[in-house]
Amino acid sequence: MADEWKIKCLVPDLPSAQEVLPYLERMDSARWYSNFGPLVTEFEARMADFIAQMSPTCRTPLHTVTFSSATTALELYFRASGLPDGARILVPGLTFSATAASVAITGNTPVFSDVDPDTWDLTPAIARAALEKGPLDAVLPVAIYGYPLDMDAWAAFEAETGVKVIVDAAAALGNQHVHADVPVIFSLHATKPFGVGEGGLLVTSDAALADKCRRLSNFAFDDGTSRAIGTNAKMAEAMAAYGLAQIERFPAVQARRREVLAAYVSALGTKHFHPKTADYVPGTLLFDTEGKADAVEAALTSANIQIRKWYFPPLREHAAFRGADIAGQGVSNELPVIESLKSRLVGLPFHAFLSDEDISHVADCIRKTTV
Ligand SMILES: Cc1ncc(COP(=O)(O)O)c(C=O)c1O
């Protein structure tokens with residue numbers, strides 16, 4: 001079905017084989033393909049510079065550690081973080097399943113929260129209210145759809161409450177600045193704005209945490225013996241080759257995404273998009289249909305335009321998380337904001353290869369359905 005769409009929802013924008021070739025040739029000459037080789041080492045250093053430049057208020061040196069994915073980065077963060085066994089970790093009920101799965105698979109308890117009705121994310125205010133109703137050991141807010149979170153506010157939350165914060169900014173590389181006190185994880189999956197194929201990145205000012213996560217990603221080896229139960233979650237040199245080539249072209253990638261967003265805004269206005277649309281280009285573009293999500297889906301699908309309803313059904317409706325706890329409410333209550341967003345949000349086609357005509361066509365179909 002995917003190839004039959006006239007307009008696809010998401011098309012990866014990765015470097016061409018030609019752009020990656022010089023890096024692959026370096027890999028060939030070194031005959032070094034994994035295990036923290038020169039390309040991974042250079043990629044980590046360049047990403048640390050890039051993220052530090054984006055975060056001028058963070059004056060502490062940053063450590064970046066690569067992984068096979070954001071999911072393995074999250075899992076190893078939880079393995080390394082020193083949280084108590086079975087820690088209760090607040091996660092938004094509206095996110096990709098990997099957010100909550102990384103909590104559960106490492107023996108912790110995901111506790112679902114509702115989200116802010118305007119920004120669609122788990123905010124410090126929501127976490128504070130949850131904490132008044134019951135104990136929490138950590139909070140895992142998500143930079144939903146790639147819009148950045150207010151890291152100063154999250155650092156203040158951690159300082160005030162003593163509850164650890166780790167940010168899942170999977171889709172927000174290029175938008176999310178960092179704070180010295182709050183570790184952040186990014187995804188480098190092909191569908192993300194900074195795609196390499198598969199990969200994840202932990203950014204932290206905590207050298208010991210970075211070192212522990214790195215060791216766990218390589219069987220927890222230390223002097224040839226496993227000091228703990230580790231795994232294999234390293235980034236391969238070939239993925240770092242893509243990463244280094246992607247760094248070169250990322251300003252152009254971002255510029256093109258900005259143009260596509262501007263075309264949508266000129267066709268549909270800003271009212272139905274996220275409030276940060278004027279300042280940031282998201283990873284995925286959600287349109288607020290104000291209750292007409294099914295009608296918009298039907299209209300676009302019948303025009304052969306692919307949409308995605310990210311991240312619906314919400315996690316509590318997935319078999320894996322049915323019966324999971326809700327912050328301060330026990331297991332039976334619903335999350336009303338997420339419930340209402342179900343009939344509101346539709347993910348529109350959003351990628352570098354959309355023409356102005358494609359965007360006009362999408363906008364026309366939406367206008368006919370929503371007016
Ligand atoms: C919010 C969120 N967290 C985590 C992930 C997992 O990222 P990865 O595919 O790199 O494991 C994704 C991927 O889509 C995501 O959207």
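The values are calculated or read from the model by the stated rules, or taken from the named source; none is laboratory data. Source: prediction; values computed, not measured. Ideal geometry is used to build each Cβ from the backbone, glycine not excepted, and the neighbour counts take in all protein chains shown. Heavy atoms of the whole protein, side chains included, go into the accessibility calculation; ligands, DNA and RNA do not. Shrake-Rupley method; radii C 1.70, N 1.55, O 1.52, S 1.80 Å.
Where both partners of a DSSP beta bridge lie in the chain, what percent of those bridges are antiparallel, to the nearest 5? The answer is about 55 percent antiparallel. Rounded to the nearest whole Hz, the Karplus-based 3J(HN,Hα) values (6.51 cos²θ - 1.76 cosθ + 1.60, θ = phi - 60°) of the stretch 185-199 follow the sequence 10, 10, 9, 10, 4, 3, 7, 8, x, 9, x, 10, x, 9, x, with x at glycine and proline.
Across the stretch 112-120, computed HN-Hα scalar couplings (Karplus, 6.51 cos²θ - 1.76 cosθ + 1.60, θ = phi - 60°) run 7, 10, 6, 10, 5, x, 8, 9, 6 Hz from first to last residue, x flagging Gly and Pro.
Here the 3J(HN,Hα) profile of the stretch 84-96, calculated from phi with Karplus coefficients 6.51, -1.76 and 1.60 at θ = phi - 60°, is x, 4, x, 3, 8, 10, 6, 10, x, x, 10, 6, 6 Hz, Gly and Pro shown as x.
Loop-resident chymotrypsin sites (Phe, Trp or Tyr not before Pro) (DSSP state other than H, G, I, E or B) in the stretch 20-85 with no more than 13 further Cβ atoms inside 10 Å of their Cβ: TYR33. Long hydrophobic helices in the chain, taken as whole DSSP H segments with a C-alpha length of 18 Å or more on their own axis and mean Kyte-Doolittle hydropathy at least -0.5: 17-30, 38-54, 237-268. A 1.4 Å probe run over the stretch 250-370, with the rest of the protein chains in place, finds 45 Å² accessible per residue. For the stretch 274-371, chymotrypsin sites (Phe, Trp or Tyr not before Pro) meeting the loop criterion (DSSP other than H, G, I, E, B) and having at most 14 other Cβ atoms within 10 Å: PHE353. Amide H to amide H distances under 5 Å link LEU90 with VAL111, ASP137, ALA138, VAL139, LEU140, where only residues 5 or more positions off or on other chains count and H is placed in the peptide plane.
Taken along the Cα-to-beta-carbon direction at a fixed 7 Å, the label points for ARG31 and ALA17 span 2.5 nm. Based on DSSP loop calls and a cut-off of at most 13 other Cβ atoms within 10 Å, the longest stretch of the chain free of exposed trypsin sites (Lys or Arg not before Pro) is what? Counting at most 13 other Cβ atoms within 10 Å as exposed, the longest clean stretch of the chain is 60-226.
Of the residues ALA52, ALA207, ALA241, the one that moves most in a GNM of the chain with alpha-carbon contacts below 10 Å is ALA207. Under a Gaussian network description of the chain, with springs only between Cα atoms under 10 Å, the residue in GLY230, GLY107, GLY82 that fluctuates furthest is GLY82. Loop sites by DSSP among the GluC sites (Glu not before Pro) of the chain, restricted to those with at most 14 other Cβ atoms within 10 angstrom, leave 1-289 as the longest stretch without any of them. Between ALA127, ALA45, ALA171, the Gaussian network model of the chain with springs among Cα atoms under 10 angstrom shows the greatest mean-square fluctuation at ALA45. Per-atom-type breakdown for the chain gives carbon and sulfur 53% of the accessible area (1.4 Å probe, protein chains only).
The stretch 83-107 and the stretch 206-238 have their alpha-carbon centroids 21 Å apart. In a shell of Cβ-Cβ distance under 11 Å around GLY291, excluding GLY291 itself, what net charge do Lys and Arg (+1) and Asp and Glu (-1) give? Summing Lys/Arg as +1 and Asp/Glu as -1 gives 0.
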